[in-house]
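Novice: Dumping the structure here so I can ask a few things about it.
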Amino acid sequence: MSPASHSFDVLIVGSGLAGLSAALHLAPTHRVAVITKRALNDGSSRWAQGGIAAVMGEGDTLASHVQDTLVAGAGLCDLDATRFVVEQAPESIRWLQDLGVPFSQEDGHLHLTREGGHSERRIVHVTDATGAAVQDTLMKKVRATPSITLFEHHMLVDLITSAKLGLGGQRCLGLYALNEVTDVVDTFSAPHTILATGGAGKVYLYTTNPDTATGDGIAAAWRAGCRVGNMEFIQFHPTCLYHPHAKSYLISEAVRGEGGKLLLPASAGGARFMPAHDEREELAPRDVVARAIDFEMKKHGLDCVYLDISYQPKDFLLEHFPNIYARCLALGIDMATQPIPVVPAAHYTCGGVVTDLDGRTDLPGLYAVGETAYTGLHGANRLASNSLVECMVYARAAAQSIAREKPAAVPALPAWDDSRVTDADEAVVISHNWDELRRFMWDYVGIVRTNKRLERAAHRIELLRSEIQEFYSSFHVTRDLLELRNLVQVADLIVRSAQSRHESRGLHFSRDYPQTDTTAHPTILVPPAH
């Protein structure tokens, strides 16, 4: 089948909360394409359980939310970005309410829960399935909006820039995307492109992220000449369900927020251990809790630890955690009578493509929003439930920036050169390389790092990069090949960032540099000149 060529006012890559929010804000005045590599609801946003942080309760203050974010970020949060998001958060909640999101209520008001690192109850939620409820609402609106065209099962191959075409100047003109239905690469042109592709959790063996989280936008922006920041700060969620039949299932922060206690297994004494690690105990920020669990597992040779909230009445658990309760019960775990086995897992990419307060990247015409972006909000560690609100605030800011900008003329773009062959051995090589990458990233670039481990990872990444580049240059592209290419690029950025930080801060803990420097600086990587 022949490749297609499409032209729009704005291209949005990704269909999570960031992408769909931007699409709805732009729809009244722009022709928008939403390009997503699987179905519309297959991103990370749908998996979010806990909720959205916003100052909505009596007695809470914007200053308190800002301060909690700064503390969790371990001195690396950008103050302007933090204030910007916190101040816009309540309006974002009201926007979702106006769209019809059925937030949990109590006595006629929003029910607010509390999570680790927050000094107040300020987590707006829909029981324990906030992301799914928000995504369902937004998808329904997007599908009913005539000015938004959906391109599902279209995988980003690369951005098209004026420099790559030899046109002079530097601007994003569109992108190439693999249409998995026709198996050809289509061309999309637009004066504005928004990357909302999520994070890169799949670079690790154990992750709470869906299979789509392969760092596509971060890698594409880097290849197009954009800086990335703070890629060493990968948040490991402390409590991923440990069970052979439960892939990537997250046990929400809110379980600890409502009194869940972390215990050693009976074979190791069965006692609580968080009081020995931090005075905030189970409500300490995620990096502290994840390191504590990692320490206890290594100390005692454990496969997992346990999260116990069985002292709460069953009715309470069914009201607050109906989905977690049902999932655990289906696996033979009754959280009303027994503790839940949990392990840490890669959860959130705090770094990403460097943007300003409008979501603009270094490349004119290109924006990045959500987990793909590095705005400065999360610093060295993301505060629980600050991610969904960041998606909405920056999606709106990017849409407003695009509306203010006079659209640039986009020339006719060349079709993708697909004179390549398909190699019979490609699938098995890609599968092997994918597995090798995720295993050595987990072993060498995980919760606790050393110089030697990072060196080993860097060496293996270089070997993989050359092999993958040979495949990319010679053979017909597939989604698996494109995702692996992106993951290896992101792994390289994570390792290089980690090697450049000679201290321990937030989510980056080095045995060789256990101290924390008195001054904090973000890690900004600049791509080589094109």
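Novice: Could you give the length gained on full extension between ASP417 and LYS140, defined as 0.36 nm per residue of separation minus the Cα-Cα distance, in nm? Working shown, then result.
Specialist: Numbers: separation 277, 0.36 × 277 = 99.72 nm, distance 3.63 nm.
Gain in length upon complete extension: 96.1 nm.
Novice: Mind listing the long-range amide H neighbours of ALA213? Cut-off is under 5 Å, sequence gap 5 or more, other chains count too, H placed in the peptide plane at 1.01 Å from N.
Specialist: Amide H neighbours of ALA213, under 5 Å, 5+ apart: LYS202.
Novice: Apply the Karplus curve 6.51 cos²θ - 1.76 cosθ + 1.60, θ = phi - 60°, to the phi angles in the stretch 499-506 and return the couplings in whole Hz, x for Gly and Pro.
Specialist: 5, 7, 9, 9, 6, 10, 8, x
Novice: Moving on to the next point. Net charge near PHE321: determine it from the other residues with C-beta under 13 Å of the C-beta of PHE321, scoring Lys and Arg +1 and Asp and Glu -1.
Specialist: Residues near PHE321 contribute -3 overall.
Novice: Also: Using the Cα gyration tensor of the stretch 349-508, with a ≥ b ≥ c the square roots of its eigenvalues, what is the shape: rounded (a/c below 1.5), prolate (a/b larger than b/c) or oblate (neither)? Don't jump to the answer; show the numbers that get you there.
Specialist: Details: a/c = 2.46, a/b = 1.11, b/c = 2.22.
Taking the square roots of the gyration eigenvalues as a ≥ b ≥ c, the stretch 349-508 is oblate.
Novice: May I pose another question? So for each of 55-66, 487-498 I average, over its residues, the number of other beta carbons within 10 Å; can you give me the resulting order with the highest mean first? Spell out each step's value before the answer.
Specialist: Details: 55-66: 15.7, 487-498: 24.1.
In descending order of packing, they fall as 487-498, 55-66.
Novice: At a 1.4 Å probe, what is the % contribution of carbon and sulfur to the accessible area of the chain? Please report the intermediate quantities before stating the final value.
Specialist: Working: 10060 of 19940 Å².
Whole-percent figure for carbon plus sulfur exposure: 50.
Novice: Kindly express, to the nearest 10 degrees and within the range 0 to 90, the angle between helix 387-404's C-alpha long axis and the longest C-alpha principal axis of the chain.
Specialist: 30
Novice: Compute the relative contact order of the chain as a whole-number percentage, counting only Cα pairs closer than 8 Å that sit 6 or more residues apart in sequence.
Specialist: Working: 1170 pairs, mean separation 114.6, N = 530.
Averaging sequence separation for qualifying contacts and normalising by length gives 22 percent for the chain.
Novice: I've got another one for you. Assign one of three labels to the stretch 130-219, namely rounded, prolate or oblate, based on the Cα gyration tensor with a ≥ b ≥ c the square roots of its eigenvalues; rounded applies when a/c is under 1.5, prolate when it is not and a/b is larger than b/c, and oblate otherwise.
Specialist: Oblate.
Novice: Give me the dipole magnitude in Debye, nearest 20, for the chain about the Cα centre, with unit charges on the beta carbon: positive for Lys and Arg, negative for Asp and Glu. Present the calculation step by step, with values, prior to reporting the outcome.
Specialist: Numbers: 48 positive and 62 negative charges, 92 e Å.
Its charge dipole is roughly 440 debye.
Novice: Per residue, how much accessible area does the stretch 386-529 show when a 1.4 Å probe rolls over the protein heavy atoms, in square angstrom?
Specialist: Numbers: 6800 Å² over 144 residues.
Here the per-residue accessible area is 47 Å².
Novice: 5 Å is the cut-off here: which amide hydrogens, built 1.01 Å from N in the peptide plane, fall below it relative to VAL305, excluding neighbours closer than 5 in sequence?
Specialist: Here VAL342 satisfy the definition.
Novice: Apply the Karplus parameterisation 6.51 cos²θ - 1.76 cosθ + 1.60, with θ equal to phi minus 60°, to every residue of the stretch 291-303 and state each ³J(HN,Hα) to the nearest whole Hz, in sequence, with x for glycine and proline.
Specialist: Computed from phi, the couplings for the stretch 291-303 are 5, 5, 5, 4, 4, 5, 5, 6, 4, 9, x, 9, 7 Hz.
Novice: Starting from the Cα gyration tensor of the stretch 46-139, take the square roots of the eigenvalues, sort them a ≥ b ≥ c, and report rounded, prolate or oblate (rounded when a/c is under 1.5, otherwise prolate if a/b is larger than b/c, else oblate).
Specialist: On the way: a/c = 1.79, a/b = 1.57, b/c = 1.14.
Prolate shape, in that a/c is at least 1.5 and a/b is the bigger ratio.
Novice: Can I ask one more? Pairs of alpha-carbon atoms within less than 8 angstrom and 6+ residues apart define the contacts here; what relative contact order does the stretch 1-134 have, in percent?
Specialist: Numbers: 172 pairs, mean separation 37.0, N = 134.
It comes to 28 percent, rounded to a whole number.
Novice: OK, next. Based on the mean of other beta carbon atoms within 10 Å per residue, what is the order of 200-213, 447-460, most packed first?
Specialist: Working: 200-213: 24.1, 447-460: 17.0.
So the order, starting with the most tightly packed, is 200-213, 447-460.
Novice: Using the Cβ atoms and a cut-off under 12 Å, what net charge is assigned to the surroundings of VAL185, where Lys and Arg are +1 and Asp and Glu are -1?
Specialist: Working: positive: ARG420, ARG479; negative: ASP158, GLU180, ASP183, ASP186, ASP417, ASP418.
Neighbour charge sum, excluding VAL185 itself: -4.
Novice: Continuing with the same structure: Averaged per residue, what accessible surface does the stretch 1-123 expose to a 1.4 Å probe, in Å²? Numbers along the way, then the final one.
Specialist: On the way: 4980 Å² over 123 residues.
I get 40 Å² per residue for the stretch 1-123.
Novice: Please work out the average accessible area per residue across the stretch 252-318, using the 1.4 Å probe convention, and give it in Å².
Specialist: Working: 2920 Å² over 67 residues.
Ligands and nucleic acids excluded, the result is 44 Å² per residue.
Novice: Restricting to the chain, what percent of DSSP beta bridges are antiparallel, rounded to 5?
Specialist: 60
Novice: Which cross-chain or sequence-distant (5 or more) residues have an amide H under 5 Å from the amide H of ILE194, H modelled 1.01 Å from N in plane?
Specialist: LEU11, ILE12, VAL13, TYR367
Novice: Using 30 Å as the Cα-Cα cut-off, could you pick out the over-long pairs in LYS164/LYS406; LYS37/LYS247; LYS202/LYS298; LYS140/LYS314? Show your work: numbers first, answer last.
Specialist: Working: LYS164/LYS406 23 Å; LYS37/LYS247 21 Å; LYS202/LYS298 23 Å; LYS140/LYS314 34 Å.
As for pairs spanning more than 30 Å Cα to Cα, those are LYS140/LYS314.
Novice: Right, something else. Report relative contact order for the stretch 349-411 in percent, whole number only (criteria: Cα-Cα under 8 Å, sequence separation at least 6). Working shown, then result.
Specialist: Values: 72 pairs, mean separation 21.8, N = 63.
Once normalised by length, the contact order is 35 percent.
Novice: Hey, another quick one. Per DSSP H run of n ≥ 4, the term is -39500 (n - 2.57); total these for the chain, divide by its residue number, and report the mean residue ellipticity at 222 nm rounded to 500 deg cm²/dmol. Working shown, then result.
Specialist: Working: 13 runs with 183 residues, N = 530.
Value at 222 nm, helices only: -11000 deg cm²/dmol.
Novice: Considering only the other residues whose Cβ falls under 15 Å of the Cβ of GLY116, what net charge follows from Lys and Arg at +1 and Asp and Glu at -1?
Specialist: Values: positive: ARG114, ARG121, ARG122, ARG256, LYS261, ARG280, ARG286, ARG291, ARG382; negative: ASP68, GLU115, GLU120, GLU253, GLU258, ASP278, GLU279, GLU281, GLU282, ASP287.
Once all neighbours under 15 Å are counted, the net charge is -1.
The values are calculated or read from the model by the stated rules, or taken from the named source; none is laboratory data. Because the structure is predicted, anything quoted here is derived from the model rather than measured. Here Cβ is always computed from backbone atoms with ideal geometry, including for glycine, and neighbour counts include all displayed protein chains. Accessible surface is based on the protein model in full, side chains and every heavy atom, while ligands, DNA and RNA are left aside. Shrake-Rupley method; radii C 1.70, N 1.55, O 1.52, S 1.80 Å.
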